[in-house]
Amino acid sequence: MNWAALITWVLTAGGGFVLLAIWLKNGGMRQREGGRIRPAFILSHFALAATGLVLWIVFVATGSNALAWIAFVLLLVVAMIGFSMLGIWIRQRQQRDVAPAEQRFPVAVVGLHGALAATTLVLVFLAALGVG
């Protein structure tokens, strides 16, 4: 279970990197208007996810239960931020006159990133519980 969670987390991070690169390339850091995904949101999502991934790698290497639970809690916060950003992104897609950087995200990548993230959250939780 530990390795399965690590693999899905790395795949999720790969999708996240693609989305972050698209967002940065299209001026996401300059967005300040309401209804946009703010830089602080995306950057904190990225930083917390990366921190959790590093902690998960250390957990897999050491078996420290405390690290597993800390990584899970971080991942839970990352998921909440991600769901908030998804809500903003969906609302924007309904408005044809809005063209923020995140509207250049491929729908398939957003969907895959979310599905992998949900899978990772479940796997990390189960692994932290000691299942498998």
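Values for this structure:
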| item | result |
| --- | --- |
| In segment 24-53, residue nearest to Asp97 (Cα to Cα) [restricted to those that are of a type in the set (D, E, K, R) and exposed (fewer than 14 other Cβ atoms within 10 Å of the Cβ)] | Glu33 |
| Which listed residue is of a type outside the set (Lys, Arg), touching a residue at least 40 places away in the same chain (Cβ under 8 Å), surrounded by fewer than 18 Cβ atoms within 10 Å (Cβ to Cβ) and farther than 21 Å from Trp23 by Cβ, from Trp56, Trp69 | Trp69 |
| Residues that are aromatic (Phe, Trp, Tyr) and crowded, with 16+ Cβ neighbours inside 10 Å, drawn from segment 74-132 | Trp89, Phe105, Phe125 |
| Any hit, segment 1-10, residues being surrounded by 14 or more Cβ atoms within 10 Å (Cβ to Cβ), in contact with a Gly (Cβ under 7 Å, 6 or more places away or on another chain) and over 18 Å from Gly82 (Cα atoms) | yes |
| Top-ranked residue of segment 1-55 - restricted to ones that are under 14 Å from Arg104 (Cα atoms) and among the β-branched types (Val, Ile, Thr), ranked as modelled with the lowest pLDDT | Ile37 |
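The values are calculated or read from the model by the stated rules, or taken from the named source; none is laboratory data. Remember, it's a predicted structure, so these values are computed and weren't measured experimentally. Note that each Cβ is placed from the backbone with ideal geometry, even for glycine, and that neighbours are counted across all protein chains shown.
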